[in-house]
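Would you mind keeping the following structure in view while I ask a few things?
The values are calculated or read from the model by the stated rules, or taken from the named source; none is laboratory data. Predicted, not measured: the structure shown is a model, and the values here were computed from it. Cβ placement follows ideal geometry from the backbone for every residue including glycine, while neighbour counts extend to all protein chains displayed. In case anyone asks, the SASA skips ligands and DNA or RNA and just uses the protein heavy atoms, side chains included. Shrake-Rupley method; radii C 1.70, N 1.55, O 1.52, S 1.80 Å.
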Amino acid sequence: QKNGDLLPPDRAAPLPAFQTLAAAPRCPRPLRRSTIRAAISRGRKEDTVAVVREQLEGCYLLAGIRYEGLTVKQFQGIRDALPESCHLLVAKNTLVGKAIEGTPWEALKPCMKGMNAWLFVHTEEVPVALKPYRAFQKEERVEETNDFIGAVFEGKYYEPGEFKSLETMPSRAEVYSKLLGALNGPATSLVTTLQAPARDVVAVLSAYVRKLEEESGAGAGAA
């Protein structure tokens, strides 16, 4: 057939082959704000649990304090008054509960209600650690509204009414003084018969007691 000739109606020219076009790349759907907030919140919760677990290392006592109603200024004042061996943290009960789960500190769970702050004491001198908050309560007149809610010491749970025993515990210096008093009392004859190295041990212990007493006196004067 020559170019330009018309084809009969029953012999129409075939349609050109279709070319498959590549699909345009899809843009990733933007994350919803709620998803971002949830991820941030989850990250912060995990960080808080990690901080609590870190504070539990080398901790002698963990106490809860009723935090509701205290101002930021008051809270900072409490922090400033605490010894360096203490750390005060505001954290949700659920997060603290998760951090102490399966540990001796789990005995504190019965008092985990309301808004609380948590006092981590990293020293054997428990009375010295509790004294600054007692002074704050008296000064601000919040003995009833913002009291201790409970504590765990040596695996035992202490209710608010039992804190007196924690606040009147003898210091290491007092314990060592009593020990030396016992040695210098009825057992004097026994001590004098000890060899020189043993007497040296007693002398070192006496010097250590004096050092602790001096440090304790300096700390009380600074407070």
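May I ask which residue of Phe120, Tyr67, Cys86 lies farthest towards the positive end of the charge dipole of region 45-169, with charges of +1 (Lys, Arg) and -1 (Asp, Glu) on Cβ and the Cα centre as origin?
Comparing the listed Cα positions along the dipole, Tyr67 ranks first.
A follow-up question, please. Leaving out ligands, DNA and RNA, and with a 1.4 Å probe, what % of the accessible surface on region 45-169 is carbon or sulfur?
Working: 3390 of 6840 Å².
Carbon and sulfur together cover 50 percent of it.
If you don't mind, another one. Long-range amide H contacts for Tyr67: which residues qualify at under 5 Å (H placed 1.01 Å from N, peptide plane, sequence gap of 5 or more or a different chain)?
Met115, Asn116, Ala117
Rounded if a/c is under 1.5, else prolate if a/b beats b/c, else oblate: with a ≥ b ≥ c from the C-alpha gyration tensor eigenvalues square-rooted, which is region 45-169?
On the way: a/c = 1.42, a/b = 1.21, b/c = 1.17.
Taking the square roots of the gyration eigenvalues as a ≥ b ≥ c, region 45-169 is rounded.
Using amide H atoms built 1.01 Å from N in the peptide plane, name the residues 5+ places from His122, or on other chains, whose amide H lies under 5 Å from its own.
Tyr60, Cys86, His87
Moving on. Which ³J(HN,Hα) values, rounded to whole Hz and listed in residue order, are derived for region 75-88 from phi using the Karplus coefficients 6.51, -1.76 and 1.60 in 6.51 cos²θ - 1.76 cosθ + 1.60 with θ = phi - 60°, glycine and proline given as x?
4, 5, x, 5, 4, 5, 7, 6, x, 5, 7, 10, 9, 10
Taking only protein heavy atoms and a 1.4 Å probe, what accessible area per residue, in Å², does region 45-169 have with all protein chains in place? Intermediate results must be reported in sequence, preceding the final value.
Details: 6840 Å² over 125 residues.
Accessible area per residue, region 45-169: 55 Å².
Work out the FRET efficiency for Glu106 and Glu213 from their Cβ-Cβ distance, taking R0 = 41 Å, and round it to the nearest 0.05. Could you put the intermediate results ahead of the total?
Values: r = 36 Å, r/R0 = 0.89.
Using R0 = 41 Å, I get an efficiency of 0.65.
Ordering Leu56, Leu61 by accessible area with a probe of 1.4 Å, largest first, what comes out?
Details: Leu56 25, Leu61 0 Å².
Order by accessible area, largest first: Leu56, Leu61.
Shifting gears a bit: Under 5 Å between amide H atoms, partner at least 5 residues away or on a different chain: which partners does Gly150 have, H built in plane at 1.01 Å?
Counting only residues 5 or more places away or on other chains, the set is Gly64.
Net charge near Glu144: determine it from the other residues with C-beta under 14 Å of the C-beta of Glu144, scoring Lys and Arg +1 and Asp and Glu -1. Show your work: numbers first, answer last.
Values: positive: Arg66, Arg134, Lys138, Arg141; negative: Glu68, Glu140, Glu143, Asp147.
Spelling it out: positives minus negatives among the neighbours equals 0.
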